[in-house]
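This report concerns only the one structure given below.
The values are calculated or read from the model by the stated rules, or taken from the named source; none is laboratory data. It should be emphasised that the depicted structure is a prediction, and the values quoted were computed from it without experimental measurement. A quick note on method: Cβ atoms are made from the backbone with ideal geometry, for glycine too, and the neighbour counts reach across all protein chains shown. Side chains are part of the model used for accessible areas, which takes the heavy atoms of the whole protein and leaves out ligands, DNA and RNA. Shrake-Rupley method; radii C 1.70, N 1.55, O 1.52, S 1.80 Å.
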Amino acid sequence: MRHRSVADLMTPTAVAVQPGTPFKEIARLLDEYGITAVPVVDEENRPVGVVSEADLLRRHTAKDGPSTAEAMMSSPVVTARPSWTAVEAARLMERHRVKRLPVVDAEGRLIGVLSRSDLLQLFLRRDRSIQEEIREDVVVRILRLSPSAVHIDVEEGRVTLSGTLDRPGLGPILVRLCETVDGVVEVADRLAYEEAEGAEDAAEDTENAARAEGAAEGSAGGEGAAGDGGAGQRPTGV
């Protein structure tokens, strides 16, 4: 299964400021573009921090010290890579309690910004598209079942599985795989089974479970990848 990446979801033309950008210019940009925070980049377009609405309000209340982006920004900045899955990015946002992630290339240069609202695009996927992916990728390609073996209903991202399978061991695997499909909100299991499985069937289910585990890991992404983007970094409050 192909899952949408950060590159698919991010805003590619990110608004950014320089360390010396003054308070009023930053406030104007936030208002003009309808955003809550802006990355601060160096001369090579590498993010060095983030200035948020909260940072501006704190400086306005304090009324002391310089009012440039460098003086107000939170740093170091937590960033994402374009190849990451949406799940990896969402986990990083949750871990650091941020609303936006600057996206950087292999050289660490800013190429876009991913926001929470961008991630919500996953759940705007058409029901028919979700249904087709479950049937073609999950049922046929991964589990190697007939496309007519399972009846798949999708309404507003809610998947209902019905029909009769050969053995009980397939049900939990099928449900778990469906839960990893982009755009799925929840899965209802209404499957029935013909008979209890024997040793040979159990072995096949173990093989299917291994394939399911691989597919699920591909969906969730490696914890190490997401962790590398923000490990040991202070939340920026984006």
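Both radii are taken from the alpha-carbon atoms of the stretch 1-127; with Rh as the Kirkwood radius, Rg/Rh is 1.00. Backbone N atoms of the stretch 137-153 closer than 19 Å to the 7 Å Cα→Cβ label point of GLU186 belong to residues 152-153.
What FRET efficiency would be calculated for the residue pair GLN121, SER75, taking the C-beta separation as r and a Förster radius of 22 Å, to the nearest 0.05?
0.15
The accessible surface of the stretch 56-177, taken with every protein chain in place and a 1.4 Å probe, is 49 percent carbon and sulfur.
With a cap of 14 neighbouring Cβ atoms within 10 Å, and only residues DSSP puts in a loop, list the GluC sites (Glu not before Pro) found in the stretch 1-94.
Sites meeting the loop and neighbour criteria: GLU43, GLU44.
As a calculated quantity, the FRET efficiency between VAL140 and GLU44 at R0 = 35 Å, using C-beta atoms, amounts to about 0.15. Hull volume per residue, based on the alpha-carbon atoms of the stretch 94-174 and their convex hull, is 159 Å³.
I want the antiparallel fraction of DSSP beta bridges within the stretch 81-197, as a percent rounded to 5. Close to 55 percent.
Sorting check: for 99-111, 123-135, which peptide has the highest mean count of neighbouring beta carbons within 10 Å, and how do the rest follow?
On the way: 99-111: 18.8, 123-135: 15.2.
So the peptides 99-111, 123-135, ranked by packing, come out 99-111, 123-135.
Rolling a 1.4 Å probe over the protein heavy atoms gives the stretch 44-178 an accessible area of 50 Å² per residue. Once the Cβ-Cβ distance between ALA27 and GLU107 is put in as r, and R0 is 25 Å, what FRET efficiency do you end up with, to the nearest 0.05? That pair, ALA27 with GLU107, gives E of 0.25.
For the stretch 144-180, the residues whose backbone nitrogen is under 19 Å from a point 7 Å from the Cα of TYR193, taken along Cα to Cβ, are 144-146, 149-151, 161-179.
Multiplying the sequence separation of GLU53 and LYS99 by 0.36 nm and subtracting their Cα-Cα distance, what value in nm do you get?
Length gained, GLU53 through LYS99: 15.4 nm.
Take each peptide in 6-16, 146-156, 174-184, count the other Cβ atoms within 10 Å of every residue, and average; sorted highest first, the result is 174-184, 6-16, 146-156.
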